[in-house]
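Below is one structure; the comments refer to it alone.
Values in this text are rule-based calculations from the coordinates and carry no lab data. Values in this document were obtained by computation on a predicted structure and should not be read as measured data. Positions of Cβ are generated from backbone atoms using ideal geometry, with glycine treated the same way; all protein chains shown enter the neighbour counts.
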Amino acid sequence: MTKFFDTTAQYKSIEKSIDSAAKRVFKSGIFIGGEEVRKFENEFAKFCDVKYAISVNSGTDALFLSLKALGIGKGDEVITTPFTFIATAGTIANTGAGPVFADIESDTFNINPELVEGLITPRTKAIMPVHLFGQMADMTAIMRIAKKYKLFVIEDAAQAVGARMAGSVGDLGCFSFFPAKNIGAYGDGGMITTNNKKLAEKLRLLKNHGSSPKDKYRNLIVGTNSRLDSLQAAILRVKLKHLRKWNKARAEKAKYYNNALKNIDGLITPAITPNGSHVFHQYTLQLPSTSLRTSRSGQARNALKKHLEKQGIPTMVYYPLPLHLQPALKYLGYKKGDFPEAERAANEVLSLPIYPEITEKEQGKIVETIKNFYAK
Ligand SMILES: *Cc1c(COP(=O)(O)O)cnc(C)c1O
């Protein structure tokens, strides 16, 4: 049966090298830091074409520590998208700063740069775009605004590792190695990329209790423990070698879906921007409620989801509730109707299974089942 995401298929394909990497760590007796972590950071920096890569405990920590490194906290504002995983705005809120939302573009689901400028106040310190589903936000426009108003830019690149320029355009780039991401650890992990030496040094302090590199028990600033395990680093080093190939396979699987589904009325395949690259962390369809089959919002999407489920095909809704409507962020004072594009997307998106190992047979069945639904 098709899974929404299959971590075991990938393990099988690289079993020997993963096992020997893990064994290497077990035998070394070094489980925190050390050569594996150092090497992985260097390899990852090279992969992203940046000078520095600082490993951390998770993508969430990557975002949180990036904000801290920029000195963002109480009284500050950070502009971001309401259509993303909670961590994006949650980390902003956790610094004491206020997340300020700008609605998304209807086709790419990424933050609409045209709406950002109007939200800038004297308190605004940074913009945090998310490269959602594996496609870069409009960084040209975002960097132009950031430069004009002297704002920092933190890229939430958790879903876009390997997309062209991801994590190398803004001041800081944040990545996640959550198992289901395009490069997943066998546990939690994250990375921050930057070309700024001072920020890199600050982050190295923040992620390790502010301990002086020369004297572990001399703490220069208040930090935390957010380290990537040596074991995860060793595993991720093996996986990084395959990442370009895996991303390419994802793009090919997406192309297969595109070709098979492009002519179905009432179903919109993912928009691909002209100068970006898409690494298809998710393959996300839009089912507008204006289509013939529906009157209520979300009805078309929910009906197709149910139809696929009945045939044993798992799908996911990323994301069913925009962040401005989350109970946790109620205190920000947003209300329904504030971000119509994000709210519409929440009702109309449906992500299909996509990963490098999914077979043409499995995809064929998914496509056929979708076509049956529309033929009814
Ligand atoms: C996965 C993800 C994160 C958080 O990463 P974790 O490693 O799970 O903490 C943040 N932002 C986005 C957009 C994500 O998809």
Compare GLU41, GLU114, GLU343 in a GNM of the chain, Cα atoms joined below 10 Å, and give the one with the largest fluctuation. GLU114
Say R0 is 35 Å: what FRET efficiency, to the nearest 0.05, do ILE30 and LYS197 get from their beta-carbon distance? 0.85
Rank by packing, highest mean first: peptides 269-277, 146-154, with packing defined as the count of other Cβ atoms within 10 Å averaged across residues. 146-154, 269-277
Expressed in nm to one decimal, what extension gain is obtained for the pair LYS74 and ALA375 from 0.36 nm per residue of sequence separation less their Cα-Cα distance? 102.9 nm
Fully extended, how many nm does the chain gain between SER17 and ASP265 (0.36 nm per residue separation, minus their Cα-Cα distance)? 84.7 nm
So the compactness index of the range 244-375, its C-alpha Rg divided by 2.2 N^0.38 Å, takes the value 1.13
Please work out, to two decimal places, the log10 of the ratio I(q)/I(0) at q = 0.09, 0.15 Å⁻¹ from a Debye calculation in which every Cα of the chain carries one identical scatterer. -0.53, -1.35
Given the rule -39500 (n - 2.57) for each run of at least 4 DSSP H residues, summed and divided by the residues of the chain, what is its mean residue ellipticity at 222 nm, to the nearest 500 deg cm²/dmol? -12500 deg cm²/dmol
Return the distance in nm (one decimal) between the two label points of a simple spin-label model at LYS147 and ALA328, each offset 7 Å from Cα along Cα→Cβ. 3.5 nm
Comparing VAL130, VAL25, VAL78, which has the greatest mean-square fluctuation in the GNM of the chain with Cα pairs linked when under 10 Å apart? VAL25
Which residues in the range 157-186 place their backbone N less than 13 Å from a point set 7 Å from the Cα of ARG244 along the Cα-to-Cβ direction? 162-164
Once you place label points 7 Å from the Cα toward the Cβ at ASN302 and GLU368, how far apart are they in nm? 3.0 nm
Quick one: grab the alpha carbon gyration tensor of the range 131-215, order the square roots of its eigenvalues as a ≥ b ≥ c, and give me rounded if a/c is under 1.5, else prolate or oblate depending on whether a/b is larger than b/c. oblate
What's the local net charge at ARG237, with K and R +1, D and E -1, over the other residues with C-beta under 15 Å away? +3
Quick check: pseudo-label points 7 Å beyond the Cα along Cα→Cβ at LYS335 and LYS39, how many nm apart are they? 5.9 nm
GNM flexibility winner over the chain from TYR186, TYR217, TYR355 (Cα, springs under 10 Å): TYR217
Restricting the count to DSSP beta bridges whose residues both fall in the chain, what percent are antiparallel, rounded to a multiple of 5? 60 percent
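Residue separation times 0.36 nm, minus the C-alpha to C-alpha distance between LEU119 and LYS216: what's the value?
Stretched fully, the LEU119-LYS216 segment lengthens by 30.6 nm.
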